[in-house]
Amino acid sequence: MAQVIEARIGDDPRGLTEALEDGGLILLPQTPFEILQDEKPLMDPAIFSGGSKNVSYAPDSGHLGGTCLEGEALERCRAMVARYATFARTLLQQVAPSYLATAEQRRTSFRPGEVSSRALSPRKDDRLLHVDAFPANPNQGRRILRVFTNVNPEGRSRHWRLGDQSFEAFARDFSPRLKSGPGPLAATVLQTLKITKGRRTPYDAAMLQLHDLGKLDADFQARTPQQEVHLPAGACWIVYTDSVLHAAMAGQHAFEQTFLLPPEGMAAPDKAPIRILERLLDRPLG
Ligand code: SIN
Ligand code: FE
């Protein structure tokens, strides 16, 4: 069952790491990320470009995408998101320090848009319960660990739902509908055409199917045991979004930092979805 574990900086990191790996959401209620005075005008969905739903920062290159800001305002936004990337890394160091040796710090996102009013196709609609899997970004078995912070200036919570089912139970229920694939040739074509950044492995194909099958199954959405969670303004939370069933229902103004972690970097690698799926399907997924 997905549990919300309230924690504080200074709590035993071994316990928190184990809780994360067991499908817990670690909630740090009083860990605000400070928005500076001259950053307040950036808390506005008008900064988006085109149809983007978040502003995205690449910590390695410094590239900032998804925004129509220019000049000085663009630099102010980049500095703010870069500061969040450092903040999130420091938080991870305090909560699960053993992860830092192997965790890759990936995209940082700033989400000033309202979640509840987005009109999206069911596959893209994160208001439906799902585990994260991204068509263009194969993880090849690495975990998706995310740090979120609610910075809503009016003190509004971010409203999520969490499914009670463990990843194993969820995957077992849907496993009869999983198709194998892509074959090595199809994976090479996707990569060569730059449809995927890197090779889509059988693991990635299985995770994408689980993401879509879950979202498109209205009966599952309505009937799977679940709980409402209100994540307060000023709070941070850390969760493995590739294994915990989650849905973002409402809320505005959040930051998110993605880390990718190889199963070997976990305290208990056997709890990684790739290992669970390999046992369940009785075939290698690498
Ligand atoms: C998601 O990962 O499904 C969205 C989370 C959020 O923006 O709160
Ligand atoms: Fe998600």
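Observations on the structure shown:
- Residue-span extension gain [Ala136 to Glu168] - 0.36 nm each, minus C-alpha spacing: 9.1 nm
- Between the beta carbons of Lys194 and Gln30, assuming R0 = 41 Å, the FRET efficiency works out to 0.40 to the nearest 0.05.
- Exposure rank, largest accessible area first [Tyr57, Tyr240; 1.4 Å]: Tyr57, Tyr240
- Accessible area per residue, Å², region 180-262 with all protein chains present, probe 1.4 Å: 37 Å²
- Per residue of the chain, the DSSP helices (runs of n ≥ 4 H) give a summed -39500 (n - 2.57) that works out to -8500 deg cm²/dmol at 222 nm.
- In plain terms, the bigger the Kirkwood radius, the slower the diffusion; for the chain, with that radius from Cα pairs, at 10 °C and 1.306 mPa s, Stokes-Einstein puts D at 82 µm²/s.
- Gain in span if fully extended, Ser117 to Glu228, counting 0.36 nm per residue against the direct Cα distance: 38.1 nm
- Mean Kyte hydropathy of -0.5 or more with a Cα span along the axis of at least 18 Å, helices from DSSP in the chain: 71-95, 202-216
- For region 68-97, backbone nitrogen atoms closer than 14 Å to the point 7 Å from Asp38 Cα along Cα-to-C-beta are found at 71-80.
The values are calculated or read from the model by the stated rules, or taken from the named source; none is laboratory data. These numbers were taken from a predicted model, which means no experiment stands behind them. Cβ coordinates were reconstructed from backbone atoms using ideal geometry, including for glycine residues, and neighbour counts include every protein chain displayed. Quick note on the areas: whole protein, heavy atoms, side chains included, nothing else; ligands and nucleic acids left out. Shrake-Rupley method; radii C 1.70, N 1.55, O 1.52, S 1.80 Å.
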